[in-house]
Amino acid sequence: MSVRIRVNGVEKTLDVDPEMPLLWALRDVLGLTGTKYGCGQALCGACTVHLDGQVVRACVTPVRRADGRAVTTIEGLAPDGSHPLQRAWVELAVPQCGYCQAGQIMTAAALLKAKPKPTDDEIEQSMAGNLCRCGAYSRIRAAIRKVAGMPEGEQ
Amino acid sequence: MHQRLLPFAVAFVFAGCGGPTADAPKGSTALRKVAPGELRTPADFAGIEDTRARSSALFLEASRVLTHPRCVNCHPNGDIPHQGMNMQLHDPPAVRGPDNHGVVGMECTSCHQDRNQELTRVPGAPHWALAPIQMAWVGKSPHEICEQMKDPKRNGGKSLAAIVEHNAHDALVGWGWHPGADREPVPGTQEQFGAIVAAWVESGAACPAKGARP
Ligand code: FES
Ligand code: FES
């Protein structure tokens with residue numbers, strides 16, 4: 001089956017098994033390796049991308065679900081790395097190993113688009129599915145708060 | 001709040017499905033013994049002459065499905081879904097959100113697809129979501145669930161005919177019989193369950209007494 005997906009603004013036609021996880025299509029077929037494979041079971045958030053603006057875990061999303069729709073990955077968030085979250089991530093030196101960070105940023109970007117001024121509880125609830133084995137949670141939260149124009153420490 | 005209620009809910013659910021057979025309601029013609037995974041048919045209730053008693057008994061039979069963790073887990077009485085036969089809180093931590101579909105970044109459909117994902121064991125069905133809080137079943141008795149199900153203010157404005165249709169054919173309801181992976185399905189089949197619910201409505205949609213259990 002061929003699947004047509006708009007990936008980071010570019011139309012792509014993929015000749016793949018419709019049940020192939022979107023993550024495989026992105027990484028192995030399209031070479032977009034910014035999105036990471038962590039657990040493969042929707043438990044860690046490393047593979048988070050946007051499907052028509054909504055957060056999905058690419059590891060459990062069959063590629064057929066993306067047919068005719070738009071997918072945004074970390075590479076497409078701001079191709080030059082100028083998204084306010086990316087800049088805040090650099091300024092606050094958020095990542096440690098970095099493996100979880102593409103997923104963290106993609107979830108945070110969806111959150112701030114829907115709620116530019118989230119409460120601490122809203123940040124917590126939205127980010128709860130993105131794990132960080134290095135434990136960079138406090139810097140991740142601080143960077144989100146910085147972009148939202150809130151004090152970087154929790155209130 | 002629901003965490004405090006959970007032991008009661010679990011005890012209640014196990015009381016409903018724990019034994020080798022589901023017992024007949026007291027004071028009525030003895031019902032056919034069935035295995036925990038089997039549902040009785042409307043014909044099994046024909047011997048109950050009193051229409052009201054028959055209707056109540058039919059609802060109690062339906063409650064063997066309705067109170068199963070597979071159904072109750074997404075009818076929480078708080079803001080967090082449950083999962084598993086032990087009804088543990090959903091992990092990863094998901095919350096109800098403003099419209100029962102989760103919150104931005106953690107929508108139900110961020111992970112759950114329109115069908116089960118067998119390799120990853122993530123369950124899925126069309127329009128995966130939590131039941132609204134008015135339809136909370138965790139910690140509720142068959143009597144309470146019955147009263148809620150008949151109340152248009154708490155059942156999504158459904159008529160009794162719409163309730164029958166929903167239970168008999170809705171794809172998300174139907175997931176209970178096809179939960180995928182190694183999950184225990186609810187008893188019987190959706191078709192049998194639909195027939196029991198239809199027979200309950202046809203016999204007057206009576207609710208079981210407060211303490212009644214299947
Ligand atoms: S790799 Fe998809 S959630 Fe972990
Ligand atoms: S920075 Fe290492 S897992 Fe998050």
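The values are calculated or read from the model by the stated rules, or taken from the named source; none is laboratory data. Treat the numbers as computed from the prediction; the structure is a model and nothing was measured. Here Cβ is always computed from backbone atoms with ideal geometry, including for glycine, and neighbour counts include all displayed protein chains. These accessible areas exclude ligands, DNA and RNA; they are computed on the full protein's heavy atoms, side chains included. Shrake-Rupley method; radii C 1.70, N 1.55, O 1.52, S 1.80 Å.
Among B:151, B:114, B:91, which one shows the biggest mean-square fluctuation in a GNM of chain B, springs joining Cα atoms closer than 10 Å? For chain B, modelled as a Gaussian network with Cα springs under 10 Å, the answer is B:91.
Adding -39500 (n - 2.57) for every DSSP H run of four residues or longer, then dividing by how many residues chain B holds, sets the calculated 222 nm ellipticity at -10000 deg cm²/dmol. Within the shell of other residues whose beta carbon sits under 12 angstrom from the beta carbon of residue B:154, the net charge comes to +1, with Lys and Arg scored +1 and Asp and Glu -1. Solvent-accessible area of the protein assembly as shown (1.4 angstrom probe, protein heavy atoms only): carbon and sulfur portion equals 55 percent. Could you tell me whether the stretch A:48-121 comes out rounded, prolate or oblate from its Cα gyration tensor? Rule is a ≥ b ≥ c as square roots of the eigenvalues, rounded for a/c under 1.5, then prolate if a/b exceeds b/c, otherwise oblate. Because a/c hits 1.5 or more and a/b exceeds b/c, the stretch A:48-121 counts as prolate. Ordering B:156-163, B:76-83 by mean Cβ neighbour count within 10 Å, with the highest value first, yields B:76-83, B:156-163. A cut-off under 15 angstrom between Cβ atoms defines the neighbours of residue B:178, and their net charge, with Lys, Arg +1 and Asp, Glu -1, is -2.
Using a Gaussian network model of chain A in which every pair of alpha carbons under 10 angstrom is joined by a spring, one finds that among A:20, A:106, A:127 the greatest mean-square fluctuation is at A:20. Structure remark: mean-square fluctuation, Gaussian network model of chain B, C-alpha springs under 10 Å; the largest value among B:51, B:67, B:189 belongs to B:51. Membrane-span-like helices in chain B (whole DSSP H runs, Cα extent of at least 20 Å along the helix axis, mean Kyte-Doolittle hydropathy of at least -1.0): B:2-17, B:51-66.
Computed per residue of chain A from DSSP H runs no shorter than four, each worth -39500 (n - 2.57), the mean residue ellipticity at 222 nm is -8000 deg cm²/dmol.
Enumerate the residues in the stretch B:117-150 having an amide nitrogen under 20 Å from the point lying 7 Å beyond the Cα of residue B:85 toward its Cβ. Label zone hits: B:121-124, B:138-139.
Scattering from the stretch A:84-147 was approximated by placing one identical point on each alpha carbon and applying the Debye formula without solvent; log10 I(q)/I(0) at 0.28, 0.29 1/Å stands at -1.41, -1.52. Per residue, the convex hull spanned by the alpha carbons of the stretch A:2-77 comes to 72 Å³. Remark: the stretch B:99-180 carries a charge dipole of roughly 140 debye about the Cα centre, counting +1 on each Lys and Arg Cβ and -1 on each Asp and Glu Cβ. Charges were assigned to the Cβ only: +1 to each Lys and Arg, -1 to each Asp and Glu. The resulting dipole of the stretch A:84-147 about its Cα centre is roughly 180 debye. The angle between the Cα long axis of helix A:101-114 and the longest principal axis of the Cα atoms of chain A comes to about 80 degrees, rounded to the nearest 10. Straight-line cross-link partners of residue B:140 among the lysines, defined as a Cα under 19 Å from its Cα and at least 8 positions apart when in the same chain: B:150, B:153, B:210.
For residue B:141, the shell of other residues with beta-carbons less than 9 Å away shows a net charge of +2, using +1 for Lys and Arg and -1 for Asp and Glu. Remark on residue A:69: its backbone amide H falls under 5 Å from those of A:6, a criterion applied only to residues 5 or more positions apart or on other chains, H modelled at 1.01 Å from N.
Summarised in one figure, the compactness ratio Rg/Rh of chain A, Cα atoms and Kirkwood Rh, is 0.98.
On association of chains A and B, roughly 1700 Å² of accessible area becomes buried (total for both chains; probe 1.4 Å).
Rounded to the nearest 10 degrees, the inclination of helix A:137-147 to the longest alpha-carbon principal axis of chain A is 90 degrees. Each residue of the stretch A:31-45 is assigned a 3J(HN,Hα), and the resulting list reads x, 8, 8, x, 7, 9, 9, x, 9, x, 9, 6, 10, 10, x Hz, derived from the Karplus form 6.51 cos²θ - 1.76 cosθ + 1.60 (θ = phi - 60°), x at Gly and Pro.
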